[in-house]
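The values are calculated or read from the model by the stated rules, or taken from the named source; none is laboratory data. Keep in mind the model is a prediction, meaning the values are calculated, not measured. Here the Cβ is made from the backbone with ideal geometry for all residues, glycine too, and neighbour counts use every protein chain on show. Side chains are part of the model used for accessible areas, which takes the heavy atoms of the whole protein and leaves out ligands, DNA and RNA. Shrake-Rupley method; radii C 1.70, N 1.55, O 1.52, S 1.80 Å.
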Amino acid sequence: MVENIDKSRIPEHVAIIMDGNGRWAMQRGKERSYGHQAGVEAVRRITSECTRLGVKYLTLYTFSTENWNRPADEIAALMGLVLTSLEDEIFMKNNVRFRVIGDLSRLPLQVREKLNATMERTAANSTMTMVVALSYSSRWELTDAMRQIAREVSEGKLAPDAIDEQVVSSHLATSFMPDPDLLIRTGGEVRISNYLLWQIAYSELYFCDTFWPDFGEADLHKAIACYQGKQRRFGLTEAQVENNNENENKEE
């Protein structure tokens with residue numbers, strides 16, 4: 001499948017909902033935590049392949065605010081995996097910068113300290129930025145952004161009439177990166193699950209039945225090939241897009 005990919009049209013930002021770890025483990029008669037451990041291996045594979053292909057941002061939905069309602073032992077196992085996976089040299093080996101978005105105040109102190117240390121350690125890396133959405137949900141993010149904006153209005157720093165899409169985007173946790181070009185969800189479910197709802201307004205969506213622990217390089221290539229087969233119109237007509245492309249080619 002990799003030969004079908006146009007290397008000049010690699011999506012700049014790929015976001016992934018890594019679904020299916022628990023079901024993958026249960027099919028094998030294992031505890032759900034076993035699936036999460038296998039999922040870390042998939043993260044390593046996909047991170048390396050994304051850097052090789054030229055993806056600039058990779059955002060991984062790791063733990064949602066709703067996941068705090070899961071059994072305590074599963075949450076503890078997930079937090080432990082976060083700690084051990086941050087020891088991985090994949091960041092330095094692939095020149096990957098690490099960032100995190102989410103309500104970090106809910107995380108254990110040890111996890112927060114490790115996250116901050118990893119961000120500092122990888123701050124100068126420049127091939128790709130891996131963003132982990134941890135204790136994250138879009139509703140949390142948008143609510144937090146509205147609070148920030150309301151505070152600035154009440155303090156006279158921002159006029160209500162000045163609030164536009166750009167202002168909202170600049171107050172989101174993702175303000176440091178572009179919106180996703182491609183959103184992938186593994187595991188067979190066809191829903192967004194409170195993930196980057198503002199940011200994926202014009203993202204191409206790709207759903208597959210493969211559970212995340214089994215998601216490999218060939219699956220990623222297939223998703224990117226599907227993305228490249230779409231015409232991204234952003235509200236325009238097909239004719240308008242083709243005309244704009246022709247004009248850009250003439251200018252070049």
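Please specify each residue of region 7-22 satisfying the condition of being among the small types (Gly, Ala, Ser) and modelled with pLDDT of 95 or more. Answer for region 7-22, where residues must be among the small types (Gly, Ala, Ser) and modelled with pLDDT of 95 or more: 15, 20. When region 136-174 is filtered for residues that are hydroxyl-bearing (Ser, Thr, Tyr) and either in a loop (DSSP other than H, G, I, E, B) or within 23 Å of the chain's Cα centre (by Cα) (or both), the ones remaining, listed by number, are 136, 137, 138, 143, 169, 170, 174. With respect to residue 177, determine if the residue is within 29 Å of residue 83 (Cβ to Cβ), surrounded by fewer than 20 Cβ atoms within 10 Å (Cβ to Cβ), within 13 Å of the chain's Cα centre (by Cα) and touching a residue at least 40 places away in the same chain (Cβ under 8 Å). Yes: the conditions hold for residue 177.
Is it the case that region 75-84 has a residue that's among the hydroxyl-bearing types (Ser, Thr, Tyr) and under 29 Å from residue 170 (Cβ atoms)? Scanning region 75-84 turns up no residue that is among the hydroxyl-bearing types (Ser, Thr, Tyr) and under 29 Å from residue 170 (Cβ atoms). Kindly list, by first and then second residue, each pair from a residue in region 23-42 that is at negative phi and modelled with pLDDT of 95 or more to a residue that is open to solvent by 80 Å² or more (accessible area, probe 1.4 Å) and not in a helix (DSSP H, G or I), limited to pairs with Cβ atoms under 7 Å and residues at least 6 apart or on different chains. So the pair list comes out as 25/31. Any residue at all in region 199-207 that is outside any loop (DSSP other than H, G, I, E, B), modelled with pLDDT of 95 or more, over 17 Å from the mean Cα position of the chain (by Cα) and buried (at least 19 other Cβ atoms within 10 Å of the Cβ)? No: region 199-207 contains no residue that is outside any loop (DSSP other than H, G, I, E, B), modelled with pLDDT of 95 or more, over 17 Å from the mean Cα position of the chain (by Cα) and buried (at least 19 other Cβ atoms within 10 Å of the Cβ).
One residue stands out in region 100-135 among those that are among the acidic types (Asp, Glu) and in a helix (DSSP H, G or I): the one that is surrounded by the fewest Cβ atoms within 10 Å (Cβ to Cβ), namely 120. If you check residue 97 against the conditions, is it closer than 15 Å to residue 63 by Cα, outside any loop (DSSP other than H, G, I, E, B) and open to solvent by 60 Å² or more (accessible area, probe 1.4 Å)? No: the conditions fail for residue 97. Among the residues of region 119-131, is there at least one that is in contact with a Leu (Cβ under 8 Å, 6 or more places away or on another chain), under 19 Å from residue 50 (Cα atoms) and of a type in the set (Ser, Thr, Tyr)? Yes, region 119-131 contains at least one residue that is in contact with a Leu (Cβ under 8 Å, 6 or more places away or on another chain), under 19 Å from residue 50 (Cα atoms) and of a type in the set (Ser, Thr, Tyr).
Checking 193, 137 one by one, the residue that is at positive phi and of a type in the set (Gly, Ala, Ser) is 193 and no other. Against the condition touching a residue at least 40 places away in the same chain (Cβ under 8 Å) and of a type in the set (A, V, I, L, M, F, W, C), how does residue 133 come out, does it pass? The answer is yes for residue 133.
Among the residues of region 172-190, those that are of a type outside the set (Val, Ile, Thr) and closer than 16 Å to residue 204 by Cβ comprise 178, 179, 180, 181, 182, 183, 185. Of the residues examined, residue 235 is not one that is of a type outside the set (Lys, Arg), within 21 Å of residue 7 (Cα to Cα) and surrounded by fewer than 16 Cβ atoms within 10 Å (Cβ to Cβ). Close Cβ contacts (under 9 Å, 6 or more residues apart or on different chains) running from residues in region 224-237 that are part of a loop (DSSP other than H, G, I, E, B) to residues that are hydrophobic (A, V, I, L, M, F, W, C) comprise 231/241; 232/241; 233/241; 234/241. Residue selection: residue 145 satisfies the criterion of being farther than 17 Å from residue 60 by Cα and either open to solvent by 30 Å² or more (accessible area, probe 1.4 Å) or in contact (Cβ under 8 Å) with a residue 24 or more places away in the chain (or both).
Evaluation of residue 218 against the conditions (1) small (Gly, Ala, Ser); (2) open to solvent by less than 30 Å² (accessible area, probe 1.4 Å); (3) not in a loop (DSSP other than H, G, I, E, B) shows that the sole unmet condition is (2). Of a type in the set (Gly, Ala, Ser), out of contact with any His (no Cβ under 8 Å at 6 or more places or on another chain) and loosely packed, with under 15 Cβ neighbours inside 10 Å, is that true of residue 223? So residue 223 does not fit the description; no.
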